[in-house]
Amino acid sequence: MTIDFQQIERKWQHRWEKARIFEADADINRKKFFCHFTYPYVNAYPHLGHFYTLMRPEVFARFRRLQGFNVLFPQAWHATGSPIITAAQRVKEKEEKQLKILKDMGITDQEQLKKFENPEYWIEYFIPEFTKDFKAIGISTDWRRSYFTTELNQWYDKFIRWQFNKLKEKNYVIKGKFPVVWCTKCRNPVSDHSRSEGEGETPQEFTLLKFPLADHANKRIILVAATLRPETLFGITNLWINPKTTYIQAKVNDEHWIISKECLDKLKFQDKSIEIEKEIKTAELLGKYVSIPKSNAKVLILPGEFCNPSIGSGIVMSVPSHAPHDWLGLVEIKNDKAIAEKYHLNFAAINLITPISLISMEGYSEHPAKDACEKRKIKSTKQLELLEEAKKDLYKAEFFAGIMKENTGIYKGRKVEEAKEQIKKELLQSNQSNVFYELTGRVICRCLTQSIIKIVDDQWFIDYGNKEWKEIAKKALAKIRLYPELSRPQFEYTIDWLKAWACSREEGLGTKLPWDQKWLIESLSDSTIYLAFYPIAHYIQKINPEKINDLVFDYIMLDKGKQPDIEHIAEMKDEFQYWYPFDFNSSGKDLIQNHLTFALFNHTAIFPEKYWPNGYGLNGWVTVDGKKMSKSLGNFILMRDLPTKYSADASRFTIMNGGENMDDPNWDNQFASSFKTKLEQLYTFCTENYNKGSDEWRNIDQWFESRLNESIKKVTYFMEETLFRTASQKMFFELNKALRWYLKRTNNKPNKKLLSHFIESQLIMLSPFTPFICEEIWETIGKKDFIAKASWPLYDEDKINKQLDIEEQLIETVLNDTTAVMDLVKITPKSMKLFVADSWKYDLCIALRTEYNKTKNPGIIIKNIMIREEFKKHGEDVMKIMQKTLKSGIMNILHNDDEEYNTLCNAKQYIEAELKLSIEILLEKDSEDKKSQQALPGKPSIIIK
RNA sequence: GCGGAGAUUCCAGAGCGGUCAAAUGGAAACGCCUCAAGAGCGUUUGGCUUAGUGCCUUCGCAGGUUCGAUUCCUGCUCUCCGCACCA
């Protein structure tokens, strides 16, 4: 039987839509359930990653509907921020890479490509594409409530403005300074994905240490050295400047600094007033003395060609003992008199310089920098790469393992890790240093301009660092249900660690800050309470946006103020109060550290406690056949390809069978292919066997009924926990296995009522996973309404009987053993004897169990048992059984003799039937004169004659 | 480095102190059934086996607790996710 899945899919999509069965309205007489898939960013087609995260609320929604809940499952689209706008810009610039991305999506028409130069077209194009793909795969969404989120959606725009006004009222939006990676051409921060080079490079905080020139006649002139290690200032022996560069003297905030030109250019963006005074030739500086901050000791300025004017200030403080560069620099200059002569330096004075060690660390000598050079066999300051490595290693080691030595005054004995912060603070306070931000590496913007660090000084922040707010957010976290719970520590950590978040942008798509129109609201800040928009989305978007203001949202969502005079206002309030908060918002685990935690904060700031979130669903990242999904590996799967290749149902089941919890789910191509045929078999079996069978009621029917009830119970539990993988396995594979055994045991004459009940139950349980085929079968077996509207099967606790399972297991093992023995003897026996153990053996087992629970000590157990009269007479056998049971575990002895015997009688008939033999099977109790005295409890032995 | 999650047999993945050579599913092999393929059914997929209700070696590595550890503890190694102004 081959089934035309695509035809079935179209048919039911159409019917669902026509009957509008997924459209949900507030109904105070019904329990509500609001679930959601975090709105996706619409700049490409949806792929497997979307599919998995989407399927979790989808299955959950369908499950809750079956349970009788009124389910709201809406879907909106996200487009704020910079990706779309930069992509559009790149299309305009005809950038190869960007054009290829569109071409790979099948967009080749020149006319159409031109349209993609407009950011709005991206939204216009991709939203329908997403919608189409979601519908094709059978997502049960209430599409009336969709919206998208840019300033182009005026209603949503009003909503976001309201949100920010509320945050501002509570002083959660603050103004401040912030270092950002900045492109001077685009006049925008340069995010990781808008870089053509330098992904992952970040601003790094340097300390600018001030070294006043000693004995300077007129005014205080300061040489400024940039360092990451201010704590090493106790070990400074000299300064390095690059003799091949010219430095600049400039007035910086009322001081006269000498630094490299490159540094000066950067400083301009870092909140400093700068006036260039003059160029300084290095000859003017070399051989002079400067004084060290704190100690005021005087040290020489020496030439070091390794000083890079583009890094830091181009002036380096030399700490030979703890910096490999400085160590080698000092060695070189001491060994080469020519250098001193060349720059007219006092060679004797240079030779007096001795490294000062100030940090002690296990496994290193007095001068760790020397060790580091020797370890890597570095001989010269020209070996830049090796030196860089050595430096990094040593810095790391000293930072975490180093202890400040005696010569560091009050820092003596402290860890470097702590001392560093302390020293930094002190130097800043006494104006002996400044903060300077430098990139950790070269960053090139997509526009091919080299990026710098800029201190933005009128930047708006959402103050997630606010301590009281953190406490309230924690309260919201305590209340929320997490699927799975094990994500909770990550949330706790994030709340603690979160600092003020820059929420304003100069460019991009989005809503303008209501009180400062030059700024746009950044896209992770405008996407925190957006789920509150769904309950009213379909009404509000019918209203003239001019009429929407803060008072409208105050009234609907906060129950504040007089009822505004606009259409649908009562409905909107009812809808909101009925549906909110959401019960399950599904997203990838990567959103914990921003979006989801932000959402918690924002809910507590804006809404009363009853509207704080009820549930988050977290999941991992999809892999394909065990490998990371990526375009370069060629295993990148788009949602749109699934229905044609595997059918929507098989795809849905495959992805849900791929994983659960926060593990990365795996998409198994082979499984997807083979599952399609399994669905065909399901169809055939159900349609051919529904309402057929016998009216007899036998032990085996009781067993099957028990298994069915047990399965329903388990599956219900796993569905509640969103452990959809386990649930799907239990309802499909495990139940089918039971069904096969049942059919075998009844010679394909199942009980009619029971089998029909089974088919119905299984179909309903499967329908959240494979809705199309289930609808089709449901209709074929004569059901009138949609299976989507059926009732989730209930289980009857009284019908679950574990004993029946044990009996069936026994029958199965006897059967298997019998077959095995018959195979061995290779004759057709006339009769067969099955021996079950004597009663005393069972008694022994029970006694063993009791004794074990008392002492758990084998020696004592054996002693206690052997002194009992009833076991004495079986002396040796008792020992044997005891040894065996103690070795293999004694937990399995539960049966009592008679039950065992009865079950075997039951098995006997079955064995006869199954083996299609007319043989005589005798059941006997274990007896002395038979060779069968080995028979152990729980396992009959067989003798064939 | 910090925070979080992990490491199981060909693969995915159960396992929560004895019923474990380890569920379930994929895949593969063989057999039955068939003209044939698929489906279905059965067997097999750590090693040894005198074939036994047998023995040995396995659950990242190394120790420990226990009569007993895949399961508990300690240390180590490795993998994945996050560490921000970006969706």
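The values are calculated or read from the model by the stated rules, or taken from the named source; none is laboratory data. All figures in this text were calculated on a predicted structure; none of them were measured in a lab. Cβ placement follows ideal geometry from the backbone for every residue including glycine, while neighbour counts extend to all protein chains displayed. We work out accessible area using only protein heavy atoms, side chains counted, and drop any ligands, DNA or RNA first. Shrake-Rupley method; radii C 1.70, N 1.55, O 1.52, S 1.80 Å.
A few points about this structure:
- Listed peptides A:713-723, A:779-789 by packing density, highest first (mean Cβ within 10 Å): A:713-723, A:779-789
- Rolling a 1.4 angstrom probe over the protein heavy atoms with all chains in place gives chain A an accessible area of 45 Å² per residue.
- Cα-centred dipole magnitude for the stretch A:562-719, charges only on beta-carbon of K, R (+1) and D, E (-1), debye, nearest 20: 540
- Förster-model FRET efficiency, 51 Å R0, A:Glu366 and A:Ser273, C-beta, rounded to 0.05: 0.70
- Cα-centred dipole magnitude for chain A, charges only on beta-carbon of K, R (+1) and D, E (-1), debye, nearest 20: 1140
- Apportionment of accessible area to carbon and sulfur, chain A, percent (1.4 Å): 50
- Unsatisfied cross-links (Cα-Cα over 18 Å) in the set A:Lys261/A:Lys298; A:Lys158/A:Lys474; A:Lys294/A:Lys424; A:Lys185/A:Lys512; A:Lys31/A:Lys610: A:Lys261/A:Lys298; A:Lys158/A:Lys474; A:Lys185/A:Lys512
- Applying 0.36 nm per residue to the separation of A:Asp516 and A:Arg220 and subtracting their alpha-carbon distance, the gain on full extension is 102.3 nm.
- Computed from point charges on the beta carbon alone (+1 for Lys and Arg, -1 for Asp and Glu), the dipole magnitude for the stretch A:215-346 about its Cα centre is near 140 Debye.
- Stretchable slack from A:Lys177 to A:Trp697, in nm (0.36 nm times residue separation minus alpha-carbon distance): 179.3 nm
- Charge dipole of chain A about the Cα centre (unit charges at C-beta), most positive-ward option of A:Ile455, A:Phe63, A:Ala323: A:Ala323
- With all protein chains in place and ligands, DNA and RNA left out, the 1.4 Å accessible area ranks A:Leu498, A:Leu551 as A:Leu551, A:Leu498, largest first.
- Accessible area per residue was computed with a 1.4 Å probe on protein heavy atoms; A:Asp109 scores about 80 Å².
- Full extension of the segment from A:Leu384 to A:Asn549, taken as 0.36 nm per residue of separation minus the current Cα-Cα distance, would add 53.2 nm.
- Estimated from helices alone, the mean residue ellipticity of chain A at 222 nm is -13500 deg cm²/dmol (sum of -39500 (n - 2.57) over DSSP H runs with n ≥ 4, per residue).
- Of the whole protein surface, A:Asp457 contributes about 90 Å² of accessible area at a 1.4 Å probe radius.
- The heavy atoms of A:Trp143 offer some 60 square angstrom of accessible surface to a 1.4 angstrom probe.
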